[in-house]
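Asker: Here it is, the structure in full.
The values are calculated or read from the model by the stated rules, or taken from the named source; none is laboratory data. Here the structure is a predicted model, which is why all the values come from computation and not from measurement. No Cβ is skipped: glycine too gets one built from the backbone with ideal geometry, and neighbour counts run over all protein chains shown. The accessibility values were calculated without ligands, DNA or RNA, using every heavy atom of the protein model including side chains. Shrake-Rupley method; radii C 1.70, N 1.55, O 1.52, S 1.80 Å.
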Amino acid sequence: MADSVYKFIELVGTSSESWEKAAAAAVTQASTSVRDLRVAEIVQLDVAIEDGKIKSYRAKVKLSFKLERKG
């Protein structure tokens, strides 16, 4: 098996419903432009508040993907 190299990116997904859906939104969006996603780590959870009420749930997600070899 050849050695592999992975890269990490951090994204913030949002949802008006839950942290789970916020994290899923980040992964879903990343999968449209990044190939070979491997691991998603939830780094931070928070909420945006407006007029004393939760406006949106936010999940900071650290994603890893395998870099492609050339040649």
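Asker: Heavy atoms only, probe 1.4 angstrom, no DNA, RNA or ligands counted: give me D51, D3 ranked by accessible area, highest first. Can you show the working numbers first?
Answerer: Working: D51 145, D3 120 Å².
Accessible-area ranking of D51, D3, largest first: D51, D3.
Asker: Given the options A24, A59, A48, state which has the largest fluctuation in a GNM of the chain using a 10 Å cut-off (strictly under) for Cα springs.
Answerer: In this elastic network of the chain, the residue with the biggest mean-square fluctuation among A24, A59, A48 is A48.
Asker: Also, quick follow-up: Return the FRET efficiency for the residue pair F8, D46: r is the Cβ-Cβ distance, R0 is 22 Å, and the value is rounded to the nearest 0.05.
Answerer: Efficiency, from the Cβ-Cβ distance: 0.65.
Asker: Using a simple charge model, +1 on the beta-carbon of Lys and Arg, -1 on the beta-carbon of Asp and Glu, nothing else, what dipole does the chain show about its Cα centre, in debye to the nearest 20?
Answerer: 300 debye
Asker: Turning to a different aspect of this structure: Using the alpha-carbon atoms, what tilt in degrees (0 to 90, nearest 10) does helix 19-31 show relative to the longest principal axis of the chain?
Answerer: The two axes meet at around 40 degrees.
Asker: Averaged per residue, what accessible area in Å² does the chain show with a 1.4 Å probe, protein chains only?
Answerer: 77 Å²
Asker: How much accessible surface does K60 have with a 1.4 Å probe, in Å² rounded to 10?
Answerer: My reading of the accessible area for K60 is about 70 Å².
Asker: Another question, then. Excluding ligands and nucleic acids, what accessible area in Å² is computed for S16 using a 1.4 Å probe, to the nearest 10?
Answerer: So the heavy atoms of S16 present about 90 Å² to solvent.
Asker: Something else about it: Report, in deg cm²/dmol and to the nearest 500, the calculated mean residue ellipticity at 222 nm for the chain, where each DSSP H run with n ≥ 4 adds -39500 (n - 2.57) and the sum is divided by the residue count.
Answerer: -6000 deg cm²/dmol
Asker: Per the 1.4 Å probe, what fraction of the accessible area of the chain, in percent, lies on carbon and sulfur atoms?
Answerer: 51 percent
Asker: Let me ask another. If contacts are Cα pairs under 8 angstrom and at least 6 residues apart, what is the relative contact order of the chain in percent?
Answerer: Relative CO of the chain lands at 43 percent.
Asker: Oh, and also: Counting only the heavy atoms of the protein chains, how much of L45 is accessible to a 1.4 Å probe, in Å² to the nearest 10?
Answerer: Here the residue's solvent-accessible area equals roughly 90 Å².
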